[in-house]
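J.: Take a look at the following structure, please.
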Amino acid sequence: MLDTTHPIETPEGVSLELKPAGPTPRAAAWVIDLLIRATGVGVIYIGLVLFLGNLGGGLALILFFLTEWFYSVFFEVKAGGQTPGKKIMKLTVVNQDGTPIGWGASILRNLLRTVDALPLVALDQNGSGIYPVYGLGLLVCLLNKRFQRLGDMAAGTLVIYAEETYAREVNFPNADPSPPPQALTLQEQKALITFGERSERLNQARAAELADVLTPLTGKKGWEGAQKLFDIAAWFMGGRK
Amino acid sequence: MNQELFEKRFRDEWLAFDTTLHGMEKNRELNDPASFPHAYRRLCKHLALARDRQYSVHLVNELNAMAKRAHSYLYKSQQFTVHKALRVFTHDFPQAVRKNAGLFWLSSLLFYGPFFAVIIAINQRPELAYSFMSDYQITTIEEMYDPNTPKDRGAAEDVMMFGFYIQNNVGIAFRTFASGLLFGVGSVIILLFNGFAIGSVAGHLIEVGFQDTFLRFVCGHSPFELTAIVLAGMAGMKLGFSLLLPGNHSRRRKMMETAHGLLPVVYGMGVMLVIAAFIEAFWSPRTLTAALKYGFSGFFWLLLAAYFLYSGRENEN
């Protein structure tokens, strides 16, 4: 199957497949985290300075420093590899071998974020606002089959899609198992079974559209064709009438 | 065995295992720890069978997802202990510095070289100071270190400066380290730049005769701060050169090993800079006798030298 998966060999001898996440969801997660940090730090900063003056200012600066470098580290290690932004985007950070990330790796990947954030561009004339563009990180990420940026490579980590528990209750609603009109190869059987298992997640129009591809097999078009395919899939899954 | 029979036979077992995993995730407890590895191995066997017999993608994904969860619990990395943390500072940090002694001296050269060169140059030609700093900067530092204007700031302002020094200096040190990834170039540039910058400040203040106030202020935190800058540059260069000269390993592997090996240095320099910030905010501004100030400073220079030379030598090969 054509997909971006990264298999890891486990000591049990079976390989588990991780799904590395590309730059787009990671960028979105980063923006969300940035907003959370900015608002949080902004609110606390104003509060501290208002109530504690210079003392508050000093504490606020320390807080600013800690969130700048260690916000991600804290969440990655303590919250199962997920900062709030990543949690929203359903991503998680793990070591390359699939184990949960530790302090050292998390600190490394976040320290080296500085390099991935290059180049820095000044978006206004007086140069007072310098913003990271993450160009280098993006480039490295795309040249890498595991979507690792420089920080990930040095730390030996991956950002993968976090899988929710895969509760699968597949019954074929209204399926009337019937054998296929002709013998099918193993690959074709697998394709039909997969189609059948998606029956609940596809809407009618889409299922019909896909079923039209197999009109020569089913002899039917549209939703009728889709239902015929579901019947054949149910038959392959072991249902016999 | 076809897929349906396979699922029917083992569905209960998988459900039970899923409940166990769920219990671990939510409540962090495990009823029967001894049986967990056995159950996990059986799951792996089922996953391997399902893949081998080319059962449906959804079944394989389901078992794969459960196996991944279990894998991450079984092979969770070692947790933080105070003992290990202390060991970093008694052994790992000084050992790492000694291991990279060559780069340490190179880094020192790249920093102190420009530093002293600029001081001497300004001594010969005082107007050079204006090439390194803007008029505004020069007036600022002159005002800061003028012995005739008394300065006393309250405790609250000290805390403000403490926060500022932490945020500023540790940030710079981290960036020095990180930018070393660009084949070491970033770190070299930052070392040279800081050498010139600090040297020009020192050089100009010596020229206008404010050296006494200046030295009394900076001597307290210099041992920690300057050494930390040099260490940051050393670590950055080590990282960058590991990419250039990977030896027998692939570049990626070498970079990963070097980066993890440099972690004690990162921790050490962070702590040193926090100490320096503390001294700079609370001790350095106090007007005390020269003997006390220089004595304090000298003591810490010697202490640091002894620390890096002798600490953690017992089991070093």
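J.: Please report the carbon-and-sulfur percent of the accessible area for the protein assembly as shown; probe 1.4 Å, protein heavy atoms only, DNA, RNA and ligands left out.
T.: After summing per-atom areas, the C and S share lands at 63 percent.
J.: Looking only at A:ILE62, A:ILE193, A:ILE46, which one moves most when chain A is put into a Gaussian network model with springs between Cα atoms under 10 Å?
T.: Checking each option, the largest mean-square fluctuation is seen for A:ILE193.
J.: Hey, another quick one. Shielding of B:35-45 by partners, i.e. mean partner chain Cβ atoms within 10 Å per residue?
T.: Mean shielding count: 2.
J.: At a Cα cut-off below 21 Å, give the lysines reachable from B:LYS293, other chains included and same-chain residues fewer than 8 away excluded.
T.: The reachable lysines, counting only those whose Cα sits under 21 Å from B:LYS293, are B:LYS151.
J.: Report ³J(HN,Hα) in whole Hz for each residue of segment B:20-31, in order, from the Karplus equation J = 6.51 cos²θ - 1.76 cosθ + 1.60 where θ = phi - 60°; Gly and Pro get x.
T.: Here the 3J(HN,Hα) series is 4, 4, 4, x, 5, 5, 7, 9, 6, 9, 9, 5 Hz.
J.: Counting protein heavy atoms only and a 1.4 angstrom probe, how many square angstrom of accessible surface do chains B and A bury in total, to the nearest 100?
T.: 5000 Å²
J.: Which whole-Hz ³J(HN,Hα) couplings does segment B:208-215 yield from phi under the Karplus relation 6.51 cos²θ - 1.76 cosθ + 1.60, θ = phi - 60°, glycine and proline marked x?
T.: Working through the residues one at a time gives 8, x, 8, 4, 5, 4, 4, 5 Hz.
J.: Could you work out how far apart the two model spin labels at B:VAL271 and B:MET144 are, taking each label as a point 7 Å from the Cα in the direction of the beta carbon, and quote it in nm?
T.: Output for this residue pair reads 2.8 nm.
J.: If R0 is 35 Å, what FRET efficiency do you get for A:GLN182 and A:LYS90 from their C-beta distance, rounded to 0.05?
T.: The value I calculate is 0.25.
J.: Take A:ARG198, B:ARG69 and sort them by solvent-accessible surface of the protein heavy atoms, 1.4 Å probe, largest at the top.
T.: Heavy-atom accessible area, descending, gives A:ARG198, B:ARG69.
J.: Let me spell out the model: positive unit charges on the Cβ of Lys and Arg, negative unit charges on the Cβ of Asp and Glu, origin at the Cα centre of the protein assembly as shown. What dipole size does that give, in debye rounded to 20?
T.: Roughly 1360 debye, rounded to the nearest 20.
J.: Using 7 Å Cα-to-Cβ label points, what is the B:ARG53/A:ALA38 separation (nm, one decimal)?
T.: 5.5 nm
J.: Between B:ALA197 and B:ALA85, take the C-beta separation as r, use R0 = 41 Å, and let me know the FRET efficiency to the nearest 0.05.
T.: 0.75
J.: Can you compute 3J(HN,Hα) from phi for each residue in segment B:104-117, using the Karplus curve 6.51 cos²θ - 1.76 cosθ + 1.60 with θ = phi - 60°, rounded to whole Hz and x for Gly and Pro?
T.: In residue order, the calculated couplings are 4, 5, 4, 4, 4, 4, 5, 8, 6, x, x, 4, 6, 4 Hz.
J.: Same structure, new question: Among B:MET256, B:VAL230, B:SER179, which residue has its Cα positioned farthest towards the positive end of the charge dipole of segment B:116-260, with +1 placed on the Cβ of Lys and Arg, -1 on the Cβ of Asp and Glu, and the dipole taken about the Cα centre?
T.: B:MET256
J.: By how many nm would the segment from B:GLU127 to B:GLU257 lengthen if fully extended, with 0.36 nm per residue of separation less the alpha-carbon distance?
T.: Between B:GLU127 and B:GLU257, full extension yields 42.0 nm more.
J.: Okay, next question. For the protein assembly as shown, what number results from the quotient of the Cα radius of gyration and 2.2 N^0.38 Å?
T.: For the protein assembly as shown, the normalised Cα radius of gyration is 1.27.
J.: Select from A:LEU192, A:LEU142, A:LEU34 the residue whose mean-square fluctuation is largest in a Gaussian network model of chain A (Cα-Cα springs shorter than 10 Å).
T.: Greatest mean-square fluctuation among the candidates belongs to A:LEU192.
J.: Along the positive direction of the dipole of segment A:15-163 (beta-carbon charges: Lys, Arg +1; Asp, Glu -1; about the Cα centre), which of A:LEU48, A:LEU91, A:PRO132 reaches farthest?
T.: Of the listed residues, the answer is A:LEU91.
J.: Gap in Å between the Cα centre of segment B:276-313 and the Cα centre of segment A:14-29?
T.: If we compute the Cα centre of each part, the gap is 48 Å.
J.: Using unit Cβ charges (K, R positive; D, E negative) and no other charged atoms, how large, in debye to the nearest 20, is the dipole of segment B:84-182 about its Cα centre?
T.: Charge dipole, segment B:84-182, about its Cα centre: 800 debye, nearest 20.
J.: I'd like to check one number: the per residue accessible area of chain B, probe 1.4 Å, reported in Å² as a whole number.
T.: Value returned for chain B: 51 Å² of accessible area per residue.
J.: Right, another one. Would you mind checking A:LYS19/B:LYS238; A:LYS78/B:LYS99; A:LYS86/B:LYS76; A:LYS78/B:LYS45; A:LYS90/B:LYS26; A:LYS145/B:LYS68 for any pair whose Cα atoms are more than 25 angstrom apart?
T.: Flagged as over cut-off: A:LYS19/B:LYS238; A:LYS78/B:LYS99; A:LYS78/B:LYS45.
J.: Given labels modelled 7 Å from the Cα in the Cβ direction, how far is it in nm from B:PHE116 to B:ALA101?
T.: Label at B:PHE116, label at B:ALA101, 2.0 nm between them.
J.: Which residues, if any, in segment A:182-214 have at least 50 Å² less accessible area in the whole protein complex than in the isolated chain, probe 1.4 Å?
T.: Going by heavy-atom accessible area, the residues of segment A:182-214 that drop by at least 50 Å² are A:LYS190, A:GLU197.
J.: Quick one: if the Förster radius is 45 Å, what FRET efficiency do B:ALA290 and A:LEU138 give, using the C-beta to C-beta distance and rounding to 0.05?
T.: In this case the efficiency is close to 0.25.
J.: What do you get when you divide the Cα radius of gyration of chain B by 2.2 N^0.38 Å, with N the number of residues?
T.: 1.46
J.: List for segment B:166-183: residues with 30 Å² or greater reduction in accessible area, all protein chains versus chain alone, probe 1.4 Å?
T.: SASA drop of 30 Å² or more in segment B:166-183: B:ILE166, B:GLN167, B:PHE174, B:ARG175, B:PHE177, B:ALA178, B:LEU181, B:LEU182.
J.: Over the alpha-carbon set of chain A, work out the extent along each principal axis and list the three values in angstrom, largest first.
T.: Here the spans come out as 81, 40, 34 Å, largest first.
J.: Then there is this: In terms of modelled amide H atoms, which long-range or inter-chain residues lie less than 5 Å from the amide H of A:LEU18?
T.: Result for A:LEU18 returns A:HIS6, A:ILE8.
J.: Sticking with this one: Which one, B:MET237, B:MET66, B:MET144, has the greatest fluctuation when you compute a Gaussian network model over chain B with C-alpha springs under 10 angstrom?
T.: B:MET66
The values are calculated or read from the model by the stated rules, or taken from the named source; none is laboratory data. Bear in mind the structure is a predicted one, so any value in this text is a computation, not a measurement. Positions of Cβ are generated from backbone atoms using ideal geometry, with glycine treated the same way; all protein chains shown enter the neighbour counts. Keep in mind that these areas ignore ligands, DNA and RNA; they rest on the heavy atoms of the full protein, side chains included. Shrake-Rupley method; radii C 1.70, N 1.55, O 1.52, S 1.80 Å.
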